[in-house]
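Presented below is the structure to which this report refers.
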Amino acid sequence: MDMELTDEQRAARQTAREFAEKEIIPVARENDEQEKFPAEIVKNMASLGFLGAPIPERYGGAGMDYISYALVTEEIGRACSSVRTVLSVTTSLVALTILTWGTEEQKMKYLPKLCSGEIIGCFGLTEPDAGSDAANLSTSAKKGGSSWILNGNKMWISNGSVAKLAIIFAQTDKKLKHKGIAAFLVDTDTPGFSAQPIKGKLGLKSSDTSSLTLEDVKVGDNALLGNVGDGFKVAMSGLDNGRYSVAAGCVGICQGSVDASAKYAQERTAFGRPIAGFQLVQELIADMVLDTEAARLLVFQAGHLKNKGVRNTRETALAKLYASEAALRCSNRAIQVFGGYGYSNEYPVERYMRDARVASLYEGTSQILKLIIGRYATGIGAFT
Ligand code: CAA
């Protein structure tokens, strides 16, 4: 693995840093307070190519390698995890899943629109009674002639109320368990499809999280993503991409915590000198630096495999597990460095901590990721 960034990778990071500093950071606090979806930012992010970062140019993407994509995602995550969530879901969970499993017609129909920000996507896997146990879906898909009728409920769906395109996972034959699941590309304007925003979240307040209801939603055979029975693999491979992007965004929270803490510690004085001079403050900051760099290296390890096109479930699980837990540790330490000021939204560190908390829940809890890693290490699955 080459540790030296290429000129293209540096340029991608620099462009994302400048965009984040100019357009996201100045409004992140207000958007969080007002729970305002950052529609304008998402559009501008798309015009820079970020929404289609790893998608090939022939489908409207920027054709970036996965390390560049991670660096872009890190910079957006350092600025605001709500914006980063829109990016991660649309790009990783939706666009990359269509790129992997879609027909040429589906790719041509949806990818340019997703990359340009004309439409936003969501990933309808989780249900009120099926989170970690993703194969146990109640949403049903019944075949009638050349169409399908979808019925069911989805829960905790990022972008659910703002998406124009939803990937909906549904069971076609309960007896077949995970081998009966199918994935469908559903236009959210289809009659019978509705979304209900979920309020009262701890963090990610300016992103949209919704429940979805599907009541006799009718789609054609051409909405199938992959074949009937492929749905579980579509979901799992999609999560390999989604988890990577969450991990990279969490590195951004870690780095943001280091940057904010180091600056504050140099400016703030106590006992007649900058608090940065105190060993216990340096320890807090050194621990953050260590977590940040370890998390970033794990992301690069997974990205390196993605660039080679080889299966990376284990490495992505390692990166997401470590980075999401590290983001929580780093933001918590940053609040400690800031003292009382860290507890108010005058500074970004309290938002970092609230936003970091969900990252060890969504797209695979830390416990599920440990069981995936444990299965690779022992050869024995805890799920069966
Ligand atoms: N890529 C491709 N195929 C894969 C795969 C992957 N990463 N992982 C598994 N598969 C395939 C396997 O090869 C196997 O294929 P066969 O049937 O042909 O043998 C099949 O899928 C079943 O695999 P497993 O036996 O590994 O499945 P499992 O039942 O043991 O998996 C689990 C259990 C790992 C816990 C899995 O259910 C899981 O990851 N759960 C967590 C789900 C999750 O992260 N949900 C969050 C969704 S995010 C969301 O919906 C909201 C949002 O907007 C963010």
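Projecting the Cα atoms of W156, I76, A270 onto the charge dipole of the chain (Cβ charges, centred on the Cα centre) puts W156 farthest toward the positive pole.
Applying the criteria of a DSSP loop state and at most 15 other Cβ atoms within 10 Å to the GluC sites (Glu not before Pro) of the stretch 61-141 yields E118. Considering only alpha-carbon pairs that sit under 8 angstrom and 6 or more positions apart, the relative contact order computed for the stretch 122-231 is 32 percent. The alpha carbon gyration tensor of the stretch 110-208 gives principal lengths a ≥ b ≥ c with a/c of 1.5 or higher and a/b no greater than b/c, which makes the shape oblate.
One chain, two ends: R329 and K201. Fully extended at 0.36 nm per residue, the span grows by 44.1 nm beyond their Cα-Cα distance.
Taking a ≥ b ≥ c as the square roots of the Cα gyration tensor eigenvalues, the stretch 184-253 comes out oblate, since a/c reaches at least 1.5 and a/b does not exceed b/c. Summary: within the chain, the longest segment free of chymotrypsin sites (Phe, Trp or Tyr not before Pro) located in DSSP loops with at most 11 other C-beta atoms within 10 Å is 1-270. In this rough spin-label picture, where each label sits 7 Å from Cα along the Cβ direction, the S47-N227 distance is 4.5 nm.
Among the trypsin sites (Lys or Arg not before Pro) found in the stretch 270-361, those both in a DSSP coil and sparsely packed, with 13 or fewer other Cβ atoms within 10 Å of their Cβ, are R311. In the context of the full set of protein chains, the stretch 226-384 has a per residue accessible area of 46 Å² (1.4 Å probe). The accessible surface of the stretch 1-153, taken with every protein chain in place and a 1.4 Å probe, is 48 percent carbon and sulfur.
Ordering C254, G342, H304 by the projection of their Cα atoms onto the charge dipole of the stretch 216-354, which places +1 on the Cβ of Lys and Arg and -1 on the Cβ of Asp and Glu, puts H304 at the extreme positive end.
Structure remark: mean-square fluctuation, Gaussian network model of the chain, C-alpha springs under 10 Å; the largest value among N312, N31, N222 belongs to N222.
Mean-square fluctuations from a GNM of the chain, with a 10 angstrom spring cutoff on Cα atoms, peak among S366, S245, S147 at S147.
Normalised by the number of residues in the stretch 7-120, the average gap of Cα pairs under 8 Å and 6 or more apart makes the relative contact order 32 percent. The GNM of the chain, with springs linking C-alpha atoms under 10 angstrom apart, assigns the highest mean-square fluctuation among A327, A276, A247 to A276. Estimated from the Cβ-Cβ distance and a Förster radius of 22 angstrom, the FRET efficiency linking Y343 and F271 is about 0.55. As a length-normalised measure over Cα pairs under 8 Å and 6 or more apart, the relative contact order of the chain settles at 16 percent. The stretch 137-214 and the stretch 338-384 have Cα centres separated by 25 Å.
When you filter the GluC sites (Glu not before Pro) in the stretch 311-384 for DSSP loop state and at most 15 other Cβ atoms inside 10 Å of their Cβ, you are left with E346. Label point 7 Å out from L280 along Cα-to-Cβ: which residues of the stretch 333-355 have amide N under 12 Å? Taking a point 7 Å out along Cα→Cβ of L280, the residues of the stretch 333-355 whose backbone N falls under 12 Å are 337. Taking Cβ separations below 4.7 Å as the criterion for a possible disulfide partner, the isolated cysteines in the chain are C80, C115, C122, C250. I need the shape label for the stretch 7-120. Rule: rounded when a/c is under 1.5, else prolate if a/b > b/c, else oblate, with a, b, c from the alpha carbon gyration tensor. The shape class here is oblate. Each Lys and Arg adds +1 at its Cβ and each Asp and Glu adds -1 at its Cβ; summed about the Cα centre, the chain shows a dipole of about 800 debye.
Here r is the Cβ-Cβ distance between R311 and R29 and R0 is 45 Å; the resulting FRET efficiency, rounded to 0.05, is 0.65. With R₀ fixed at 22 Å, the C-beta to C-beta distance from D173 to M236 puts the FRET efficiency at about 0.70. Hey, how many Å between the Cα centroid of the stretch 239-309 and the Cα centroid of the stretch 42-87? Using only Cα atoms, the two centres lie 20 Å from each other.
The values are calculated or read from the model by the stated rules, or taken from the named source; none is laboratory data. What you see is a predicted model, and the numbers here were worked out from it, not measured in a lab. We place every Cβ from the backbone using ideal geometry, glycine too, and count neighbours over all the protein chains shown. Ligands, DNA and RNA are stripped out before the accessible areas are found, and what is left, the full protein with its side chains, is counted by its heavy atoms. Shrake-Rupley method; radii C 1.70, N 1.55, O 1.52, S 1.80 Å.
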